[in-house]
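Have a look at the structure below before the remarks.
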Amino acid sequence: MILLPIIEIKDLSYTYPGLSKPSLSNITLSIERGSFVTLTGPSGCGKTTLCRCINGLVPHFYGGEATGEVKVSNLSVQDQPISELAQHVGFVFQNPENQLFSLSVEREIAFGLENLALPREEMKERLEWALDVIGIEDLRQRSPYELSGGQQQRVAIASVIAMKPKILIFDEPTSSLDPLAATKLFKTISRLNKTLGLTIILVEHRLDLLSTLTNQVIVMDDGEVKMNGKPIEVFGSPLAKLIGIGIPKIVRLYQEIANTGSVTKRPPLSVEDFTSYLRSRL
Amino acid sequence: MSVFDGLRFKRTSSPVHQIDPRVKFVTSCIIFILAIMFTELLPLIVLLSVQIPIVYIARVSKEWFASLKSSLLLAIIIFVTNAVVGYMSSDFKLTSSTLTYSVSMTLRFITLVASFSIFFLTTSPDDLGLALEQSHFPYEFSFAFTTAVRFVPVLANEAQMIIDAQRSRGLELDKGSFMKRIRNYLPILIPLIVNAIRRSLELAEAMESRAFGAKKTRTSLFSLQIKIRDLLVLIISLFILAASIYVRFNIEIPMIKIPTF
Amino acid sequence: MINVENVSYTYPSGINALKEVSVEIEDGAFVAIMGENGAGKTTLVKHFNGLLKPNEGNVTIDGINTRELSIAELSKKVGLVFQNADHQLFCETVEEEISFGLKNFGFSDKTVKKRVEWALEILDLAQYRKTSPLMLSGGERKRVALASIMAWKPKIVVLDEPTLGQDQNQKERLLQFIKQLNTQGNTVVLVTHDIEFVAECNPRVILMAKGEIVADGPAKKNLTNRRFVKKASLILPQITQIFNELADLGLPKDVIGTYEAKQLINNLIKGEQ
């Protein structure tokens, strides 16, 4: 049996109301269940807009006309309200402060579940599960204001996964975090992908911390999908350099020295890969 | 400590903290009603003093006295206004009854501030929100309330950052004519408002993305339960109210008068 | 010249943000102050333009104690570009926004006009001169904020987390801009936790953790020292991680930048051939 891709987009175009230029032009792509997709591209290329098209914020919240087809878990985004899609697609936003509205972590995680009118017993179960999976049991009574940026993002993730979506979208979740906190967050996300089998779509500029965790890289520019493939193929390609994405330094260093005649066209993505490559050349 | 600290919830554990917020609210209202029922000094003094042991049981004495201190200005205004009006209407003589009346009006005001201060100091905004919800106010009300409380420190912080940023561009907030000073607040207000709007938009997105409005009636993870001690407090308060009404209409209250000089 | 002598500062909320910090920054220096969020970096630079005055110790700018000058007077010399541009933008056009600081500092109308043109040029904003800053993208708004500070040509320029949220092209342009600023004689202070960006600039690096200075010296020394980096809650630059693994091949361990790395490796390969 062939499993259908969990997200299928056909010929999607969209212009925000009031703008003259379309934010998305003829996007066609599909994402398999269980993928860890990194979505990247220069500022303004349409990454966030594309994510909004997947959880229904476009067109239901932002208005305007979206042409083409977007299917999530076989549901048509056009025809489903956001509240229905929210049970299939979880969205973690860029600014941790502005997606937490409760006065305690417990209530925050319960928020989405209360919206779905789940019985109390089930809410309690999911609350404990979410706290455990993200590892924030010690924060349960705290108020969001007291938490660090990294902690706030974890609370946001816990609040979203409590609703048990199959797909998680992260829109530049580490942009305000320092490198250690960012690495920790990516590890958490990777764990959700590997152990829970969740499909991840991560919008990021900082690709160096991600290159070994992700299995699909989509590069956008000017509202179009320019590249879509394995990290090794995308990072190594000259087009990526042209568009101007944050190619990991390991790859760039490799590209600088590979000019002097090298057999392998597959750039190393990790420190270990690079050092083995170099040793093999000597 | 500012007046706001007297209204901010203090996270301690005390018997008063544990009483259901709805009961506490009723009790505060009863104190308010009693303060209005009596103009005589004696009952008002009793009403104010009776709160003091409650404040100590609640372990909020420092904050409570601070809130009284900050209401001092308004209290003085009330006293002076009443005294002046009384002075002028008794042929420009400062009579004992004028003074007594002014003192009791001031006491009434302070008693009011005192009782609601205890209420806010011992009730968490979370529980207040729940109380609103369970009192059958629409969910939007309690959500708006708790969200507002949640963002007060964030907005205060942001206001400070905006002031810092603009001062770093040479904006001087404490110089110039009155009109100039008001205009100088525009570079603070505009970013504050714009950011508040932007924040509301992001909040709305986040809410929608967590299925806000999915079902007509929500369920609730937590709920307030009335316990025996809450009922006891309620009964005692209502009894005191009934007794006071009786006293008001049937018993002569000994008058305390403030002598004039 | 910035002189920080034994400065301690505690916020009114009770947080002790700086603990007896001392540092000296000469004119024309290029310094990066690094550490995790909450280490005290921003608190320290806020002392440079007088937004904060130390509880203990002294801060002097060009010999004058910051307690003796107003924030406006100090800001004329020390331009502080904040992390969040949206905390500053309030004017109807980009032009007005850039002229705000100039007008506050009392420049003549003629000079204001000239400087606005200049600032629009150097930050590539000329096409947006009549646009409302609120209509621009995040990256463009950051450039407007930067332009509005550069307009009065402060001798010392402090940039607080300038790479946050920027894409690769924007970061490269920023790098060029900063290098040029420094070459032209300005003192440049970068407050950041973006190690890879600093690795390419190779400035003097001051590492901070929990309100104290952990290390102060050249980037190549401090960013490659595992102990310092760990204390400051940062990670080693990727290139340094590679070179640490290749020490047995005779390669130095204190490499941080792509250019130097490329040279060393190419030489090694040529040497072996």
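Values quoted throughout were computed directly from the atomic coordinates according to the rules given, and no laboratory measurement underlies them. This one's a predicted model, so the numbers in the text were calculated from it and none came from an experiment. Using ideal geometry, Cβ is built from the backbone for each residue, glycine included, and neighbour counts are taken over all protein chains shown.
I want to check the label-to-label distance for B:Ile33 and C:Asn6. Put each point 7 Å from Cα in the C-beta direction and report it in nm to one decimal.
About 6.5 nm, to one decimal.
If I model a spin label as a point 7 Å beyond the Cα along the Cα-Cβ vector, how far apart are those points for B:Val46 and B:Asn157 in nm?
4.9 nm
Please check chain C for the longest run free of GluC sites (Glu not before Pro) that are loop-located per DSSP (anything but H, G, I, E, B) and have at most 13 other Cβ atoms within 10 Å.
With a cap of 13 other Cβ atoms within 10 Å, the longest stretch comes to C:93-271.
If you count, for every residue in C:240-248, the Cβ atoms of partner chains within 10 Å of its Cβ, what is the mean?
What the average comes to for C:240-248 is 4.
Expressed in nm to one decimal, what extension gain is obtained for the pair B:Leu173 and B:Ala243 from 0.36 nm per residue of sequence separation less their Cα-Cα distance?
Numbers: separation 70, 0.36 × 70 = 25.20 nm, distance 5.58 nm.
Extra length available between B:Leu173 and B:Ala243 comes to 19.6 nm.
Please turn the phi angles of the stretch C:30-37 into ³J(HN,Hα) values with the Karplus equation 6.51 cos²θ - 1.76 cosθ + 1.60 (θ = phi - 60°), one per residue in order, whole Hz, x for glycine and proline.
My calculation for the stretch C:30-37 gives 10, 10, 10, 9, 10, x, 6, 4 Hz in order.
Determine the shielding of peptide B:151-160 by partner chains: average, over its residues, the number of Cβ atoms on other chains within 10 angstrom of each Cβ.
2
At a 10 Å Cβ-Cβ cut-off, how would you order A:Ser276, A:Ser143, B:Ser220, C:Ser75, fewest neighbours first?
The order, fewest Cβ neighbours first, is A:Ser276, B:Ser220, A:Ser143, C:Ser75.
Projecting each Cα onto the charge dipole of the protein assembly as shown (Lys/Arg +1, Asp/Glu -1 at the beta carbon, about the Cα centre), which of C:Pro12, B:Ile45, A:Thr199 comes out farthest on the positive side?
Toward the positive end, the furthest listed residue is B:Ile45.
Using the beta-carbon distance between B:Ile190 and B:Phe145 and R0 = 25 Å, what value does 1/(1 + (r/R0)^6) give for FRET efficiency, to the nearest 0.05?
0.40
I want to check the label-to-label distance for A:Thr195 and A:Thr67. Put each point 7 Å from Cα in the C-beta direction and report it in nm to one decimal.
Output for this residue pair reads 4.7 nm.
Can you figure out the FRET efficiency of B:Lys93 with B:Lys257, using R₀ = 22 Å and their beta-carbon distance, to the nearest 0.05? Could you put the intermediate results ahead of the total?
Numbers: r = 15 Å, r/R0 = 0.68.
About 0.90, to the nearest 0.05.
Nearest 10 degrees, 0 to 90: what angle lies between the long axis of helix B:228-250 and the longest principal axis of chain B (Cα atoms)?
40 degrees
Using the alpha-carbon centroid of each, what span in Å lies between the stretch A:6-85 and the stretch B:239-261?
72 Å
Of the listed pairs C:Lys77/C:Lys210; A:Lys187/C:Lys41; C:Lys76/C:Lys103; B:Lys93/B:Lys257, which have alpha-carbon separations greater than 18 Å here? Let's see the in-between values first.
On the way: C:Lys77/C:Lys210 28 Å; A:Lys187/C:Lys41 27 Å; C:Lys76/C:Lys103 12 Å; B:Lys93/B:Lys257 16 Å.
Check vs 18 Å cut-off fails for C:Lys77/C:Lys210; A:Lys187/C:Lys41.
What is the magnitude of the charge dipole of the stretch B:134-208 about its Cα centre, with +1 placed on the Cβ of each Lys and Arg, -1 on the Cβ of each Asp and Glu, and no other charges, expressed in debye to the nearest 20?
Numbers: 9 positive and 8 negative charges, 105 e Å.
The calculated dipole for the stretch B:134-208 is roughly 500 debye.
Of A:Lys47, A:Lys194, A:Lys21, which has the largest mean-square fluctuation in a 10 Å C-alpha GNM of chain A?
The residue with the greatest mean-square fluctuation here is A:Lys21.
For the stretch A:268-275, in order, what is each residue's ³J(HN,Hα) by Karplus, 6.51 cos²θ - 1.76 cosθ + 1.60 with θ = phi - 60°, in whole Hz (x at glycine and Pro)?
x, 10, 10, 4, 4, 4, 5, 5
Could you list the residues of the stretch B:221-255 with an amide nitrogen less than 13 Å from a label point located 7 Å from the Cα of A:Lys124 in the Cα-to-C-beta direction?
Only B:221-223 fall inside the zone, counting backbone N under 13 Å.
By a straight-distance test (C-alpha under 14 Å), which aspartates and glutamates pair with B:Lys180 as possible cross-link partners, with residues fewer than eight away in the same chain excluded?
Within the straight-line limit of under 14 Å, B:Lys180 reaches these aspartates and glutamates: B:Glu172.
Using the count of nearby Cβ atoms within 10 Å as a rough guide to exposure, how do B:Trp64, A:Trp129 rank from fewest to most?
A:Trp129, B:Trp64
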